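Structure record follows, encoded as structure tokens.
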Amino acid sequence: MFEVAEFRNHARRAGLTDITAQGKHVRFAPVDLPESAQMRLKRLYPGTILKPGIRAILVPFPTTARIGGKPLRGTALLTWARQLVDAVILGEVASAAAVGTSA
């Protein structure tokens with residue numbers, strides 16, 4: 001539970017008020033990204049859908065493997081979401097470089 005509370009505080013500091021599972025995606029809102037951040041998002045998280053009209057992004061739900069993987073759960077899911085917030089919303093270069101690596 002402490003990890004969830006810590007993540008919620010981190011998301012709030014990044015300006016996010018809504019992070020929810022929506023079908024096969026995770027919805028982050030409100031999000032206003034400059035074009036460079038939009039390009040980074042699409043490169044790091046292929047299949048992402050940008051919804052500028054409602055200030056949201058829909059990122060494919062993370063799995064253990066690109067093909068045939070199982071959905072992430074628990075702490076692994078929180079780590080993934082925090083990494084996305086750091087790399088894309090906050091624009092931290094070190095976090096963007098770590099996406100896709102097993103650290």
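Consider residue 35 carefully, then state whether it is surrounded by fewer than 10 Cβ atoms within 10 Å (Cβ to Cβ) and acidic (Asp, Glu). Considered against the rule, which asks whether it is surrounded by fewer than 10 Cβ atoms within 10 Å (Cβ to Cβ) and acidic (Asp, Glu), residue 35 comes out as yes.
Just give me the residues in segment 52-71 being exposed (fewer than 12 other Cβ atoms within 10 Å of the Cβ) and not basic (Lys, Arg), in sequence order. It would help to see each step written out before you state the result.
As a first pass, look at segment 52-71 and keep what is exposed (fewer than 12 other Cβ atoms within 10 Å of the Cβ): 52-54, 64-70.
Selection gives 52, 53, 54, 64, 65, 67, 68, 69.
I need the full set of residues from segment 2-48 which are under 12 Å from the mean Cα position of the chain (by Cα) and part of a strand (DSSP E or B), in order please. Matches in segment 2-48: 18, 19, 20, 21, 25, 26, 27, 28, 29. Of the residues making up segment 61-98, those that are within 19 Å of residue 11 (Cβ to Cβ), touching a Phe, Trp or Tyr at 6+ places or on another chain (Cβ under 8 Å) and not in a helix (DSSP H, G or I) are 62, 72. Of all residues in segment 58-85, those that are touching a residue at least 24 places away in the same chain (Cβ under 8 Å) and over 16 Å from residue 16 (Cα atoms) have Cβ atoms under 8 Å from Cβ atoms of residues that are polar (S, T, N, Q) and buried (at least 16 other Cβ atoms within 10 Å of the Cβ), 6 or more apart or on another chain, in 60/48.
Being surrounded by fewer than 18 Cβ atoms within 10 Å (Cβ to Cβ) and either modelled with pLDDT under 90 or hydroxyl-bearing (Ser, Thr, Tyr) (or both) is the requirement here; does residue 49 meet it? No, not satisfied.
The values are calculated or read from the model by the stated rules, or taken from the named source; none is laboratory data. Quick caveat: nothing in here was measured; it's all calculated off a predicted structure. In this analysis, Cβ positions are derived from the backbone assuming ideal geometry, glycine residues included, and neighbour counts consider all displayed protein chains.
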